[in-house]
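All remarks here apply to the structure that follows.
Laboratory data are not the source of any read-out in this text; all were calculated from the coordinates shown. No experiment lies behind these values; they were computed from the predicted model shown. Backbone-built Cβ (ideal geometry, glycine too); neighbour counts: all protein chains shown.
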Amino acid sequence: MANLILSAMFSVVVPAAPAALGVLIRLRTELTTTLAERDAARRAELTARLDTARADERARITREIHDAVGHNTTLIAVQAAALAAVTTDPAARETAEQLRHLAKQSLAEMRAALGLAGAPSHNGLDDLPRLITSTRTAGVQVTYTGIDATPSPLISRALYRVVQEALTNAVKHAPGAPVEVTLTRDSTRITATITNGPPTAPSPDLTPGGTGLEGLTERVITAGGTLSATPTPTAASPYAPPSQPEIRRK
């Protein structure tokens, strides 16, 4: 009798074992998949929270910069306009108007750099004549030779910033010196050459330091060009994609 019972159990269990094993494997696979999906969802949620926190922090910093710098810049523009309205000296009036224009332009460029809504687009190659004119109005002797070209916006903005930073450095470190700005181009590159003579006046009392050239180097390299600040500084950006572009950091 016992043998019959064992034989019956064996005949039932043995054929069912593969099916039961298959069910266990399937359940284990489903459980593993579910846990992996939950883990991925948890990581995605954490990443989203971090991205949101970073975005909120960037927005906060942007607002603080805009509020602080924008307030002072607006005051400069308002006071310059008031001075231009009450002064009887033509030279003082012209200087005040120039200060007001520069303050408004600085505010607009700051808003564009911070990506604020309604801000105008960044300056580019077409805006260089206006930059040269405003620099001359400020009393700097600038000779400018431009070109007729339509590079990409990235290259156009890089060229504008190269000339702008060079003029700023000339005013700071070589006051009274004439500055020559020359743009040239060939089939592959646009080259900006900015030179200045020795200073003829004491340096203005400006805050030293800054990372203008470092940031400018990164901007030019990003545009696929090279930048050097030497006794004969030049900056070049590609106009058309060369076959083997050369990018060098000096």
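Which of the following residues is surrounded by 17 or more Cβ atoms within 10 Å (Cβ to Cβ) and either within 26 Å of the chain's Cα centre (by Cα) or over 17 Å from residue 223 (Cβ atoms) (or both): 147, 190?
Values: 147 fails: surrounded by 17 or more Cβ atoms within 10 Å (Cβ to Cβ).
Of 147, 190, the one residue that is surrounded by 17 or more Cβ atoms within 10 Å (Cβ to Cβ) and either within 26 Å of the chain's Cα centre (by Cα) or over 17 Å from residue 223 (Cβ atoms) (or both) is 190.
Among the residues of segment 51-91, which ones are of a type in the set (D, E, K, R), surrounded by 11 or more Cβ atoms within 10 Å (Cβ to Cβ) and closer than 15 Å to residue 107 by Cα? Give the steps one after another, and end with the answer.
Just the residues of segment 51-91 that are of a type in the set (D, E, K, R), to begin with: 51, 54, 56-58, 60, 63-64, 67, 89.
Add one more test, that the residue is surrounded by 11 or more Cβ atoms within 10 Å (Cβ to Cβ), and what stays is 58, 63.
Once the filter is applied, which keeps residues that are of a type in the set (D, E, K, R), surrounded by 11 or more Cβ atoms within 10 Å (Cβ to Cβ) and closer than 15 Å to residue 107 by Cα, segment 51-91 yields only 63.
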